[in-house]
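The values are calculated or read from the model by the stated rules, or taken from the named source; none is laboratory data. It should be emphasised that the depicted structure is a prediction, and the values quoted were computed from it without experimental measurement. Cβ sites come from the backbone with ideal geometry, for glycine too, and all protein chains shown count toward neighbours.
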Amino acid sequence: MIALEQSVHAELNRLHTGGMADGRHMKERLEPKFAAAGYRNATTDKLAVPSILVLLIDAIGDTVLTSGFLRELRRSHPRSFIAALVRPQLIPLVAECPYINELIPLAGECDVRDLAAMEPVLREQIWPRRFTLAIAKMWGPEYRDYRRCLLYLSGARERVDFGDRVFEIYGYPAEPSPTECLLTQAVLTPRQYTHEVARIFYLLEALGCPAEDKSLELWYGTSAAVKAERMLSDLPGDSLRIIVGIGAGAATRKYPLPKLAIGLREIARRYNVACIVVGGMAEQAEAQELAGLLPGMVLLDLCGRLSLPETEAVVAQSDMYIGNDTGVMHMAAAARKPVIEFSRDPLDKDNALSPIFSSVCRFAPWQTPYVALRPEHAIGRCREVLVYGGCISPVAHCIATIPPEAIVAAFEALASQCLELQRD
């Protein structure tokens, strides 16, 4: 075991000082040490229960999209020990998950050179568990080498991630990765699986345990539910509660607040609604700006005032979501709330963009009624490029061309189908 620790320490230092992650060389240096320490060994005991490590090292929305996967993984492995490696700031999001035995905080950032920060976590929390199977359920090049190195360094005998040739399935050249050889199974999803949730569930199918239920879940405790009820108690009891999501992972995915305000004002003029603005500390100034644009409306600003479980509970106790493609939108979909989503994907690029470049195809609200409001046309240089999301601007650009009246039309169409809608 000491030889393994010393060899991994040397490997992580090499990566930290600027070395490239080359899976073949890493295996040549470390595989004999893992084998000597008793890892990677196949068991002959048919009654042996596998222990499973799942990498949950992505963002809020992606973690919500994994909720059904974790449930179905537990269903197919009821006696297994299942642990999840999670970003520390997202641990509250999964703390109440009934399908995980242990949460292991991620150390460092998602960069191969930051793997050195994971050394004590490997030594003290991961290696002692002797994991049989380690799964990375993210897809695409983001953090690819990092997550594969983590899978390999976990000591798990079976290491599963999506393969690099997935782009070829959609007609694009695949850039070979020097870390794919660190896997024991590189999964390629069939062409018809375009949504990220469908893709994640396909991992289970590839592992021989297809999902029986493909719904998503929210996990929040009683205290979060009680606080949410208390914070919403001052809203008119007969009003339709609309969650307004103003955040997003990139400025180009944010619908302009003045146009959003026009749409919300018209909805409030016609119907009895209350708007609940949610987001983190980073959205507080924008929430105040939106409130200033909506004088006289029933509006509750909760930006920066809720934990992640409390946000889930507030969403669950509301009626509809209107806003950007963000983690809160996926919470609303998981709670089966109708969703009106602002997307930057231009409609006139649908024929040119493969599903892997379309955020609407990959991240639409899952299994809930929704309307995706999208720009009619790409504008400026965005007309000429092939890029994920269809818009290359660093600020709100194509998305800003969505007219406010489209919000009202989407609200009336969606609410009349799903909710008891009464005009004032």
Residue list for region 1-32, filter: aliphatic (A, V, I, L, M), over 31 Å from the mean Cα position of the chain (by Cα) and closer than 20 Å to ARG130 by Cα:
MET1, ILE2, ALA3, LEU4, LEU30
Somewhere in region 291-312, is a residue assigned to a helix (DSSP H, G or I), under 27 Å from ALA225 (Cβ atoms) and hydroxyl-bearing (Ser, Thr, Tyr)?
yes
I'd like the full set of residues that are surrounded by fewer than 16 Cβ atoms within 10 Å (Cβ to Cβ) and aliphatic (A, V, I, L, M), limited to region 102-153.
ALA117
Do we have GLU205 as surrounded by fewer than 22 Cβ atoms within 10 Å (Cβ to Cβ) and either in a loop (DSSP other than H, G, I, E, B) or in contact with a Pro (Cβ under 7 Å, 6 or more places away or on another chain) (or both) here?
no
When you scan region 303-320, do you find a residue that is within 17 Å of LEU235 (Cβ to Cβ), crowded, with 22+ Cβ neighbours inside 10 Å and over 28 Å from the mean Cα position of the chain (by Cα), even just one?
no
Subset of region 364-394, residues touching a helix residue (DSSP H, G or I) at 6+ places or on another chain (Cβ under 6 Å) and among the aromatic types (Phe, Trp, Tyr), comes to TRP366, TYR388
Within region 360-374, can one find any residue that is in contact with a Pro (Cβ under 7 Å, 6 or more places away or on another chain), assigned to a helix (DSSP H, G or I) and over 25 Å from GLY280 (Cα atoms)?
yes
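Any residue at all in region 326-340 that is of a type in the set (Lys, Arg), out of contact with any Cys (no Cβ under 7 Å at 6 or more places or on another chain) and assigned to a loop (DSSP other than H, G, I, E, B)? Outline the logic, then answer.
To start, the set of residues in region 326-340 that are of a type in the set (Lys, Arg) comprises 336-337.
Adding the requirement that they be out of contact with any Cys (no Cβ under 7 Å at 6 or more places or on another chain) leaves 336-337.
Retained after the next criterion (residues that are assigned to a loop (DSSP other than H, G, I, E, B)): 336-337.
Within region 326-340, one or more residues are of a type in the set (Lys, Arg), out of contact with any Cys (no Cβ under 7 Å at 6 or more places or on another chain) and assigned to a loop (DSSP other than H, G, I, E, B).
Which one of LEU419, LEU347, LEU414 is aliphatic (A, V, I, L, M), touching a strand residue (DSSP E or B) at 6+ places or on another chain (Cβ under 6 Å) and surrounded by fewer than 20 Cβ atoms within 10 Å (Cβ to Cβ)?
Working: LEU419 fails: touching a strand residue (DSSP E or B) at 6+ places or on another chain (Cβ under 6 Å); LEU347 fails: touching a strand residue (DSSP E or B) at 6+ places or on another chain (Cβ under 6 Å).
Only one candidate passes the filter, namely LEU414.
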Given (1) outside the structural domain of GLU283 (by TED's automatic domain parsing); (2) in a helix (DSSP H, G or I); (3) at pLDDT 95 or above, number of the condition LYS214 does not satisfy:
(2)
Residue count, region 84-134 (criterion: without any contact (Cβ under 8 Å) to a residue 60 or more places away in the chain, part of a helix (DSSP H, G or I) and closer than 29 Å to MET331 by Cβ):
5
Does region 70-79 hold any residues that are touching a residue at least 40 places away in the same chain (Cβ under 8 Å), surrounded by fewer than 22 Cβ atoms within 10 Å (Cβ to Cβ) and of a type outside the set (D, E, K, R), and which are they?
SER76, HIS77
Contact list, first residue from region 233-249 and surrounded by fewer than 14 Cβ atoms within 10 Å (Cβ to Cβ), second anywhere and aliphatic (A, V, I, L, M), beta-carbon distance below 8 Å, six or more apart or interchain, is ASP234/LEU300; PRO236/ALA274; PRO236/VAL298
Tally time: how many residues in region 170-184 are farther than 19 Å from ARG199 by Cα and either in the same structural domain as SER354 (by TED's automatic domain parsing) or crowded, with 17+ Cβ neighbours inside 10 Å (or both)?
3
So which residues in region 173-212 are among the aromatic types (Phe, Trp, Tyr) and in contact with a Ser or Thr (Cβ under 9 Å, 6 or more places away or on another chain), if there are any at all?
TYR202
Considering every residue within region 156-168, establish whether at least one is crowded, with 22+ Cβ neighbours inside 10 Å, assigned to a loop (DSSP other than H, G, I, E, B) and modelled with pLDDT of 90 or more.
yes
Would you be able to tell me the number of residues in region 80-93 that are surrounded by 20 or more Cβ atoms within 10 Å (Cβ to Cβ) and closer than 20 Å to ARG129 by Cα?
5
Can you go through ALA261, ALA228 and tell me which one is assigned to a helix (DSSP H, G or I), in the same structural domain as SER343 (by TED's automatic domain parsing), over 28 Å from SER67 (Cβ atoms) and of a type outside the set (Ser, Thr, Tyr)?
ALA261
Between LEU150, LEU188, LEU183, which is farther than 22 Å from ILE82 by Cβ and either among the aliphatic types (A, V, I, L, M) or more than 23 Å from the chain's Cα centre (by Cα) (or both)?
LEU188
SER318 vs (1) of a type in the set (Ser, Thr, Tyr); (2) in contact (Cβ under 8 Å) with a residue 60 or more places away in the chain; (3) outside any loop (DSSP other than H, G, I, E, B): all pass except (3)
